[in-house]
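Enquirer: Just dropping this structure here.
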Amino acid sequence: MTELAEKLPADVDARREHVVELRRWLHRHPELSFNEAETAARVVSELERLGIPCSYPGPGGGVIGRLVTDPALPTIALRAELDALPGSDLTDPSYRSVYADRMHACGHDAHMTMVLGAAALLARDPPDGNVVLIFQPAEERGGGSRVMIDAGALEGVRAIFGGHVTHEWPTGKIMIRRGAMTAQSDRFYITITGKGGHGARPHEAIDAVVIAALLITVLQTLVSRQTNPVHPSVITVGKIEAGTAANVIAESAKLEGTIRTTFPDTRDHIHKGIRRMVEAMGELHAAEVQLELSQGYPPVINTDGEVELVRDCVRGLYGPDALRTSPHPSMGSEDFSYYLQRVPGAFFRFGARRPEWEPIPLHSPRFDIDEAVLPIGAEFFDAITRSALRHYGTGKS
């Protein structure tokens, strides 16, 4: 038993107080992708207090903790994310972000706290097997999971588990589904170059703003009128740059957006459609319209065996009513997908909404969690780790 494990409070209320304080500290100190130095330092401090060896190369990297009981036994990995989002935090003033332009609006503060809480439980009563604790940078932007893979986080790992809070379900419910949990994510960048001019003489110009507006509208028909409605897909234009003054016809405009799809054929169809529409719009208006498509995160594909382990664990801990599923994957994206391309595993969602709350979407400046989910998450990560180690220790695949 480690030094801190001996000092850890034995009663549930005291443990809950500790995880709530930790989550609130993390919430107050958000850091953006690949710049999570202060956050990583706090995670390292928590692991060191638990007596769990860990490594951190500095900004741009992540924290890897290793709890090793017997190298000959299986190893399970748990994952959390270090980074936050740009934006203004509008949550509870008592733990609101100390920065005006950064916020934990996706629950990564909760995920770190849950995995650290599980680490404390695992350190106090080491399982028959080994655990890798992955705290990765840049899930929101940059695919930080690949940084951790390159750093050797998955070496010797038999399976990996990760979770995400959501308002889609109330606290105490845990959702998992077979196969795809999230969508394929791609981005597009459109640059329009027309001909600037005076706002009073539009016939002498080629208005990039009008072309941009038409493109924004027509792109939506790729989903609403040209894609099978039973194949979930989304096109969103999230950023527009154009114009300098009210009486100046803009010579150029830029659009940036995201594409979310769940079927490869649908993705290919939408990519071809965007190219076709961009080319046609340029021809129609005698403008130069350029398109750049970039591939985002692949879909998170849960493996069947690990899904069943999670389901059994939820039922065993909280009863069958706590288990939830969904007929369709989320249209969000997650770089947990890169881990699952290397090893088996499962990604699940923790309900984190009080029954009386109005659901608030992730990435909203008002997104917050019911802090009662924190000890649930810590307990569940501890339980699924032990369950998986028992399972793999028997030689079952």
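Where a number appears in this text, it was derived from the coordinates with a stated rule and is not lab data. Note that the structure is predicted; figures quoted are calculated from it, not measured. Cβ sites come from the backbone with ideal geometry, for glycine too, and all protein chains shown count toward neighbours.
Enquirer: Please arrange LYS173, LYS195 by counting, for each residue, the other beta carbons lying within 10 Å of its beta carbon, fewest first.
Expert: Least to most surrounded, the residues fall as LYS195, LYS173.
Enquirer: Moving to a separate point now. With the cut-off at 1.5 for a/c, could you classify region 287-397 from its C-alpha gyration tensor as rounded, prolate or oblate?
Expert: oblate
Enquirer: Mind listing the long-range amide H neighbours of GLY296? Cut-off is under 5 Å, sequence gap 5 or more, other chains count too, H placed in the peptide plane at 1.01 Å from N.
Expert: Placed amide hydrogens put SER185, ASP186, ARG187 under 5 Å from GLY296.
Enquirer: Would you list which aspartates and glutamates come within 15 Å of LYS195, measuring only between C-alpha atoms, while excluding same-chain residues fewer than 8 positions from it?
Expert: Hits, sequence-local ones excluded: GLU204, ASP207, GLU251, GLU283, GLU288.
Enquirer: Which whole-Hz couplings ³J(HN,Hα) result when phi for each residue of region 334-346 is put into the Karplus expression 6.51 cos²θ - 1.76 cosθ + 1.60, θ = phi - 60°, listed in order with x for Gly and Pro?
Expert: Here the 3J(HN,Hα) series is 7, 7, 4, 4, 5, 4, 6, 6, 9, 9, x, x, 8 Hz.
Enquirer: Under 13 Å from the Cβ of ALA253, count the other residues' Cβ atoms, weight Lys and Arg +1, Asp and Glu -1, and hand me the total.
Expert: Net local charge, ALA253 excluded: -2.
Enquirer: Charges on Cβ only, +1 for Lys and Arg, -1 for Asp and Glu, centred on the Cα centroid of the chain; of CYS54, LEU317, GLN220, which one is farthest towards the dipole's positive end?
Expert: GLN220
Enquirer: If you don't mind, another one. Taking the convex hull of the alpha carbon atoms in the chain, what volume per residue do you get, in Å³?
Expert: So the per-residue hull volume is 155 Å³.
Enquirer: Using alpha carbons only, how many angstrom separate the centre of region 286-359 from the centre of region 88-140?
Expert: 18
Enquirer: What is the fewest-to-most order of LYS272, LYS254 by other Cβ atoms lying within 10 Å of their Cβ?
Expert: Ranking LYS272, LYS254 by Cβ neighbours within 10 Å, fewest first, gives LYS272, LYS254.
Enquirer: Taking Cα pairs under 8 Å and at least six residues apart, what relative contact order does the chain come out at, in percent?
Expert: Averaging sequence separation for qualifying contacts and normalising by length gives 23 percent for the chain.
Enquirer: In the chain, with Lys and Arg counted as +1 and Asp and Glu as -1 at Cβ, which of these residues, ALA372, ALA123, SER330, has the Cα nearest the positive end of the dipole, that is, farthest along it?
Expert: My answer, from the dipole projection, is SER330.
Enquirer: If you don't mind, another one. Nearest-5 percent of antiparallel DSSP beta bridges in the chain?
Expert: Percentage antiparallel, nearest 5: 65.
Enquirer: Next question, about the same structure. I'd like to compare 38-51, 118-131: which one has the highest average count of other Cβ atoms within 10 Å, and what's the full order after that?
Expert: Going by the mean number of other Cβ atoms within 10 Å, highest first, we get 118-131, 38-51.
Enquirer: Also, I was wondering about something else. Hey, could you get me the Stokes-Einstein D for region 184-295, Kirkwood radius over alpha-carbon pairs, 20 °C and 1.002 mPa s, rounded to whole µm² s⁻¹?
Expert: Roughly 148 µm²/s, to the nearest whole number.
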